[in-house]
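The values are calculated or read from the model by the stated rules, or taken from the named source; none is laboratory data. As the structure is a computational prediction, the values presented were derived from the model and not from experiment. Here the Cβ is made from the backbone with ideal geometry for all residues, glycine too, and neighbour counts use every protein chain on show.
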Amino acid sequence: MATRSRRVEIDRVEVEKSCRKETKNMSVNRYNNIVTISPEASIGDAIATLINTSSFVLQVAGEGDKPAGWLDYLDILKIFQGDPDAAPIRSRKVKDYIHMIGNEDYLEVEQELAGIKTWLQDRAKKLPYFISQDKQSSGVLSLEGLLAEALEKHTQEQERRLEIEDLFGIVIAEAPVGLAFISPAGDIKYLNPLAAHILEITRLNASDLINIAVKNETKIIRTNGRSYKVWGIKSGKEKAPGYLAIFVDITNEQDLFEKVKHAQLEAELALATLLPDQRVEARLRSIVEYMDEYDAGTGKIKVTGVIREGVYRHVINILRLVAELSKQGLTELPGVDKETVVKAAIFHDLAKVQPYLQPGDVVDPRESFEPGYLHAFRSASLAKGIYNIDDKTVSIIKYHHHEEHDLPEDYPLYLLPMYRLFRLLDGLSAGITRRGSRVKLTASGTLVHVREESSFPLYNRHFELDLYSGRTGIKPLL
Ligand SMILES: [Fe+2]
Ligand SMILES: [Fe+2]
């Protein structure tokens, strides 16, 4: 709090300094010089000087450089008023001297000061007589009144500004983020208590923070058992050039992330124990998957990433989905056998062969990737010939890339629910593995309810599949 108060105090001084500077730099002069006449000059000369200089007052010269005093138009009028010889002049009619109201005399006096200032400037040295358009108000502007109003406004605005600065200071000081502002020369101009604390324990200095901002980096710093995220922004403001460094304590999020990662690893280890031997595991781990972008115009794909151990992850993700549905009782349905689906998951892509591609490669997928049914047949053969997998599982593996209408005529009908379920899980796991999709499955009787959300909204899906009839019902995405 002491830091904040000190800062606010510094800011007050700066505001006051800048106000003084503003006054000095103002283009409007605070006074106009007036003409000096000799005390020996005649009243006629004085009148002529007033008229020629459009002035209302004259300075009267004295000894040396020192003026003796002043004389204004009222003093001259008084001379005429008191002199009996001036009676003929006094008897003249006002109507012979009147200024008729012109366009330049109109002014809405209740408007903002800025408008009145412009009106006055436009009138140059003419008397500030005004009249409103509706003739409701007229008169001569009061310099004292206008000045008092301007000063009042200025004071109010200054108070409001200081109040906002105080509030801003409190918010920044108490904010759960650390903030530091660094000048281009590397001086720390502002530091809230949290930023001060983090800088102290992380030993970061001003040039580290400028570097982070210039390189547009985000750094995670771990120290004293806590984690902090730091990033910076270059200020584009002409009046406040520099860098803003932002610190956030992400210890809790980081701990949670580590816990989830650990739980995920444990779950994976548990699922991996289902694999029959190390050779199967090694084979699955050796097959990559690719992330890509499809160009509908050319029919080609651009490789955007390589997922190491892609098929292994894909199998684990299918097993996870099986476990989720099994928990909901789906594998108690006649014709849906958990053990068969698990075995099919383990072996179905075992003989998959992927091309060697690099991120950035653009290829025609029909040329670079072999048709899916080839690895399905090979995998089925390996499962049967080497691992003595039963015929039901082998049939599911063998036809996992076949559409239902392309299945051989003698495909056993009783296998269709599992075939449909397996193809569903295979596809969903591909989305999880290759596109980071989130999948929510709900089993109800023979129905599997699916909600898939991908980081590519184009792939979002919401539907139901009836495992017995094969019917699919599309649901609204919301
Ligand atoms: Fe496959
Ligand atoms: Fe697969």
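Here's the yes/no breakdown for (1) away from ligand 2 (no atom under 13 Å from the Cβ); (2) in the same structural domain as L424 (by TED's automatic domain parsing); (3) out of contact with any helix residue (DSSP H, G or I) (no Cβ under 6 Å at 6 or more places or on another chain):
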position: V362; (1), (2), (3): yes, yes, yes
position: E367; (1), (2), (3): yes, yes, yes
position: E370; (1), (2), (3): yes, yes, yes
position: A383; (1), (2), (3): yes, yes, no
position: I386; (1), (2), (3): yes, yes, yes
position: I389; (1), (2), (3): yes, yes, no
position: K392; (1), (2), (3): yes, yes, no
position: I397; (1), (2), (3): no, yes, no
position: E404; (1), (2), (3): yes, yes, yes
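Within the set A323, A282, the sole residue that is in a helix (DSSP H, G or I), over 22 Å from V450 (Cβ atoms) and either in contact with a Pro (Cβ under 6 Å, 6 or more places away or on another chain) or away from ligand 2 (no atom under 16 Å from the Cβ) (or both) turns out to be A282.
Residues of the range 164-211 that are part of a loop (DSSP other than H, G, I, E, B), under 20 Å from I250 (Cβ atoms) and over 19 Å from the mean Cα position of the chain (by Cα): N192, R203, L204. On the stretch given as the range 282-300, residues that are within 13 Å of P365 (Cβ to Cβ) and among the small types (G, A, S) total 2.
Within the range 137-146, the set of residues being outside any loop (DSSP other than H, G, I, E, B), surrounded by 11 or more Cβ atoms within 10 Å (Cβ to Cβ) and either hydrophobic (A, V, I, L, M, F, W, C) or modelled with pLDDT of 90 or more (or both) comprises just one member, L146. Scanning the range 391-432 for residues that are within 15 Å of ligand 1 (Cβ to nearest atom) and part of a loop (DSSP other than H, G, I, E, B), we see that the one that is surrounded by the fewest Cβ atoms within 10 Å (Cβ to Cβ) is E403. Residues in the range 300-321 that are closer than 17 Å to L424 by Cβ and more than 16 Å from ligand 1 (Cβ to nearest atom): R320 alone. Selection of first residues in the range 307-331 that are within 24 Å of A282 (Cβ to Cβ) and of second residues that are outside any helix (DSSP H, G or I) and away from ligand 1 (no atom under 16 Å from the Cβ), restricted to Cβ pairs under 7 Å at least 6 apart or on distinct chains, gives the following pairs, ordered by first then second residue: I307/M291; L319/L274; L321/V439; L321/L441. For the range 75-106, a tally of residues being within 60 Å of the chain's Cα centre (by Cα) and either surrounded by fewer than 10 Cβ atoms within 10 Å (Cβ to Cβ) or aliphatic (A, V, I, L, M) (or both) returns 3.
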